[in-house]
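Everything below concerns the one structure shown next.
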Amino acid sequence: MALKKSILLRNVSVYYQTFNEKKNSTLKNTLINSIVGSTITNIKNKEVIYPLKNISLEINEKDKIGLVGQNGSGKSTFLRLLAGCIEPVEGTIERTGIIKSILNLEMGLDKELTGMENLRLQAVFRGYDLENTKKFIDDVLDFSEIVNYIYFPVETYSSGMVLRLAFAMATYGSPDILLLDEVVNVGDEGFKKKSLARIEELMESSKIMVMASHDTSIIKNYCNKIFEFKDSSINISKI
Amino acid sequence: MFAAIFYKNYLDALKSLKIWSILGWLDIYKRYRRSRLGQIWIVISTLVLVGSISFIFSTLFKSNYFSFLVYIINNLCLWIFFREIVEDSSLIFIENKFFLFNEKWNHLIMIFRLIARNTITYAHNLILIIPINIIFNDNFTLLGFAQYILNFFIILPFFINISLIIAIVSTRFRDFRIIINNLMQLIFFLTPVIYQKINFEKYDWLFELNIFAFLLEFVNNPINNINVSFINYVTVVIILAITTFISSIIYAKKYKRINYWL
């Protein structure tokens, strides 16, 4: 029997050292806290910023979670944590299932390489064999509609073309757990419709979806739970 | 098992040979993609450097130009390989931030990428090393060359370990990169790369303590038909064991923090 896909966090804390020379400027800390909503504190005389503090929660199959909160409140850090880009400083996290994270569309692209070279490289990263590589390339070319430019270096593309290529690459495949960071509305009007349909498809096929967005209508349309980030903690509510 | 995560990730990275070898190759490809001669520039720049240094130092030390050419090409190509790995290591995680921040990555793949990139560069220089040794090195034998290649591969794990340690420390302490670069310049002068040990017999103890000087001889001696003793192989194994132990401790303790420091 296949294992149920889930993410389990136990007493997870994440903090970043600010590497700031002035460690005790409390007025500044207070001001930043009031703006970003996370806690700046001192640990062993090091100034640190706490996006997440002592979080315990469980994300299970059929959960479609929307992350909301001010800029800097910890949404992206939380997504990075779920994706495995960072590990908790304190506590533990268990992830069961294949995770696909689309945290920054352009991060998977090497702009010095051509579009086709990027596609082939991505296929290697994903461990595709020849047949699957061909399927992947055909799908991305078909979806992104940039066939005529695919042998040009990505740095010569317009920002819209980069976005199309990056989006088509990132959204190919069907993961168990899908993590999205503000990437639902991309491109011009025509491509926006196409990309929304693709995201919806991905959401349908994935067992767990976690999405950060400032657009409340998107959260309401696609999610069944809300995680609200404030003061290094998470308030959970159902839609 | 002690530092199990290090050995697990090391093996996983080894298995990802296709990924790091392609990434290493692409690094070279990108560096020369818009030049007409492409990677041939690696060979040309080595040839110019080695040719001119050989001329200056053979004149200075009143030696035969061609025997000095053999000495310099064997030493300098290896030294460049050592130096590039050590210096590039300090930036390897920072340069690959855009990979490490988007998905879960095994940091050791980036280290292997760096080793692959420099090994490919070194392989380009074999285009010069082989014919120059065949023509001008009276002690060159095929068996010696095979042992030279073997010894080259034996020391690679040392550079993987060193590279990992430097990469972790430099990501956390950004000054470390500058210290390393300056240190490598100093070590270059303390290592018999462009001069011969016999000219500085008084300072033999300095060469004995210099690990780079030892590795240089360990790899190069077979191509000059000089015997590499069993003790030398044991020394290399000890060096590998010590550096593996140190890098495994540092990695196991700090691997969770690397991406926070980027």
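Please state the charge dipole magnitude for segment B:2-261, taken about the Cα centre, from unit charges on C-beta atoms (+1 on K and R, -1 on D and E), reported in debye and rounded to the nearest 20.
Details: 23 positive and 13 negative charges, 233 e Å.
The calculated dipole for segment B:2-261 is roughly 1120 debye.
Please compute the modelled spin-label separation between B:Leu91 and B:Asn210, points set 7 Å along Cα→Cβ, answer in nm with one decimal.
2.6
Hey, how many Å between the Cα centroid of segment A:92-130 and the Cα centroid of segment A:202-223?
First find each Cα centre; the distance between them is then 21 Å.
Sum up the charges of everything whose Cβ sits under 14 Å from the Cβ of B:Ile19, counting Lys and Arg as +1 and Asp and Glu as -1, but leave B:Ile19 out. Don't skip to the end; give the middle numbers.
Numbers: positive: A:Arg120, A:Arg126, B:Lys15, B:Lys18, B:Lys104, B:Arg113, B:Arg117; negative: A:Asp110, B:Asp12, B:Asp27, B:Glu103.
With Lys, Arg at +1 and Asp, Glu at -1, the neighbours total +3.
If we count every other residue with Cβ under 15 angstrom of B:Phe68's Cβ, Lys/Arg +1 and Asp/Glu -1, where does the sum land? It would help to have the intermediate numbers written out before the result.
Details: positive: B:Lys62, B:Lys197; negative: B:Asp138.
With Lys, Arg at +1 and Asp, Glu at -1, the neighbours total +1.
Pick out which of B:Asn75, B:Asn221, B:Asn118 has the largest mean-square fluctuation in a Gaussian network model of chain B, springs linking Cα atoms closer than 10 Å.
Answer for the Gaussian network model of chain B: B:Asn221.
B:Phe212: net charge of surrounding residues, Cβ under 15 Å, Lys/Arg +1, Asp/Glu -1, itself excluded?
Values: positive: B:Arg83, B:Lys197; negative: B:Glu84, B:Glu87, B:Glu208, B:Glu217.
Charge balance near B:Phe212 sits at -2.
Which of B:Leu91, B:Asn181, B:Phe207 sits closest to the plus end of the dipole of chain B, meaning its Cα is farthest towards the positive end, when Lys and Arg get +1 and Asp and Glu get -1 on the C-beta?
B:Leu91
Once Lys and Arg get +1 and Asp and Glu get -1 on their Cβ, which of B:Phe55, B:Asn125, B:Ala146 lies farthest toward the positive end of the dipole of chain B?
Towards the positive end, the residue furthest out is B:Asn125.
Can you give the mean number of other chain Cβ atoms that lie within 10 Å of the Cβ atoms in peptide A:83-91?
Per-residue shielding by partner chains comes out at 4.
Using label points projected 7 Å from each Cα along Cα→Cβ, tell me how many nm separate B:Ile198 and B:Leu262, to one decimal.
5.2
I need the peptides B:102-110, A:214-222 ranked by packing, meaning the mean over residues of other C-beta atoms within 10 angstrom, with the highest value on top.
Details: B:102-110: 20.2, A:214-222: 14.2.
Descending packing order for the listed peptides: B:102-110, A:214-222.
Springs between alpha-carbon pairs under 10 angstrom, Gaussian network model over chain B: which of B:Val234, B:Val219, B:Val193 fluctuates most?
Residue with maximal mean-square fluctuation among B:Val234, B:Val219, B:Val193: B:Val234.
Any of A:Lys111/B:Lys104; A:Lys207/B:Lys104; A:Lys111/B:Lys15; A:Lys100/B:Lys97; A:Lys192/A:Lys238; A:Lys62/A:Lys100 with alpha carbons more than 24 Å apart? Name them for me.
Among A:Lys111/B:Lys104; A:Lys207/B:Lys104; A:Lys111/B:Lys15; A:Lys100/B:Lys97; A:Lys192/A:Lys238; A:Lys62/A:Lys100, the Cα-Cα distance tops 24 Å for A:Lys111/B:Lys15; A:Lys192/A:Lys238.
What's the FRET efficiency of A:Lys111 with A:Asn221 using the Cβ-Cβ distance as r and R₀ = 41 Å, to the nearest 0.05? Could the numbers behind the result be given before it?
Numbers: r = 33 Å, r/R0 = 0.81.
With R0 = 41 Å, the Cβ-Cβ based efficiency is 0.80.
Read-outs: derived from the displayed coordinates by stated rules, not from any lab. Since the model is a prediction, treat every value here as computed from it, not as a measurement. Don't worry about glycine lacking a Cβ; one is built from the backbone with ideal geometry, like all the others, and counts go over all protein chains shown.
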